[in-house]
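In what follows, a structure is listed as structure tokens, so that the remarks can point back to it.
None of the figures in this text is laboratory data; all of them are computed from the coordinates on show. Just so it is clear, the model here is predicted, and its values are computed rather than measured. A quick note on method: Cβ atoms are made from the backbone with ideal geometry, for glycine too, and the neighbour counts reach across all protein chains shown.
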Amino acid sequence: MSSLQICLLAEAARPLLNKFYRQHQSPMRASSAGQLWVARNEGIVAGMSLTPVAQGHWLTGLFVAPDHRGQGLAGQLVERALMQVEGPVWLFCHPDLETLYQRMSFSTATRLPQPLAERLARYQRSKPLLAMGTDSVCLGP
């Protein structure tokens, strides 16, 4: 078994992340804009997207293969990716995942950049979601 590698995925390899999501019947999709990050261990075992928004980034698509969960892989992946970007990072998550993201230094975001606030309002019509961020000073109204 090879050692774990966490890296930025090249744009040309975007289909590999989508294939990983499909293999695990995940509804996640690689963002069409921004950075794609993966953890590899003889293949992709976790992935996520960071899309520029306002003066920060929006984290989406964080998914760890079921047989690799419980090992801190999500935290390692997020930590490595966040070291490479400036400004706050926001995400939307199901309330059940709040504690997971709190362990990664995210907290409840009371204000969001307008594009994310509008998207969250749309998403919340059909599912329970929380907005979280890495920076307590969030943009918006």
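Couple of notes before you dig in:
Residue by residue, here is whether (1) acidic (Asp, Glu); (2) closer than 22 Å to Arg103 by Cα; (3) in contact with a Leu (Cβ under 6 Å, 6 or more places away or on another chain) holds:
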| residue | (1), (2), (3) |
| --- | --- |
| Leu17 | no, no, yes |
| Tyr21 | no, no, no |
| His24 | no, no, no |
| Ser32 | no, no, no |
| Glu42 | yes, no, no |
| Leu59 | no, yes, yes |
| Val64 | no, yes, yes |
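- Selection status of Thr99, polar (S, T, N, Q) and under 24 Å from Leu9 (Cβ atoms): no
- Checking Ser3 against (1) in contact with a strand residue (DSSP E or B) (Cβ under 7 Å, 6 or more places away or on another chain); (2) under 22 Å from Glu79 (Cβ atoms), the condition it does not meet: (1)
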